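For reference, the structure is listed below as structure tokens.
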Amino acid sequence: MPERVEEQECEGNEVGRGLRAFGLAEVHNPSMVPTLNPGDRLVVRYGAPVRPGDVVVVRHPFRQDLLIVKRAVERREGGWWVRGDNPFVENDSREFGTVPDELVVARALLRLRPPRELQRSAGAVLSWALSAVRPVGVPAPSPRPAGRGPSRRLRAR
């Protein structure tokens with residue numbers, strides 16, 4: 001299933017030649033789980049410089065009317081190598097190669113997670129608010145299995 005991100009109208013700061021500096025995008029597919037879930041909204045900055053580890057909105061190289069959200073992994077000849085955070089979804093540079101710079105639309109700054117259900121108590125609202133808005137950047141490290149330290153050396157006995 002192709003990834004889809006929907007740009008949303010957003011009143012924002014005007015920069016340069018009348019271009020909007022900031023906007024909103026809504027995530028529709030699971031390719032960035034666990035970082036982003038379907039229904040999450042992103043505050044994005046158009047034309048922002050991209051660094052490895054940034055979450056970006058790009059035009060799909062084969063279907064330029066389709067916007068997708070991925071993590072910029074590294075610069076390669078021809079553009080950015082992008083990947084989703086979900087290891088089970090391969091709709092990324094493994095499928096379509098590098099993404100040219102001119103197809104990088106925006107860099108995600110914040111994730112806005114909508115409430116799952118109606119919040120009835122002040123504590124529930126506060127709990128949701130504390131987890132709903134998060135900066136989007138380098139992914140959290142994978143959890144290590146219990147009892148294993150950072151060393152990967154094998155010890156012979």
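Quick note: the coordinates plus some simple rules give every number you see, no bench work behind them. If you're wondering where the values come from, they're calculated on a predicted model, not measured in any experiment. Positions of Cβ are backbone-derived with ideal geometry, glycine not excepted, and every protein chain shown enters the neighbour counts.
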Original post:
Does segment 5-135 classify as rounded, prolate or oblate by the C-alpha gyration tensor (a ≥ b ≥ c root eigenvalues; a/c under 1.5 gives rounded; else a/b over b/c gives prolate, otherwise oblate)?
Top reply: oblate
Original post:
Which whole-number percentage describes the relative contact order of segment 5-135, with Cα contacts under 8 Å and a sequence gap of 6 or more?
Top reply: 23
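Run the numbers for residue 76 and residue 116: contour at 0.36 nm per residue of separation, minus the present Cα-Cα distance, in nm.
Here the segment from residue 76 to residue 116 would lengthen by 10.5 nm.
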Subject >> Fully extended contour minus Cα-Cα distance, from residue 21 to residue 134, at 0.36 nm per residue >> reply: 38.7 nm
**OP:** Choose one of 109, 130, 56: the residue whose Cα lies farthest towards the positive end of the charge dipole of segment 5-135 (beta-carbon charges +1 Lys, Arg; -1 Asp, Glu; about the Cα centre).
**Re:** 130
Original post:
Which residues' amide hydrogens lie under 5 Å from the amide hydrogen of residue 66, considering only partners 5 or more residues apart or on another chain, with H built in the peptide plane?
Top reply: 60
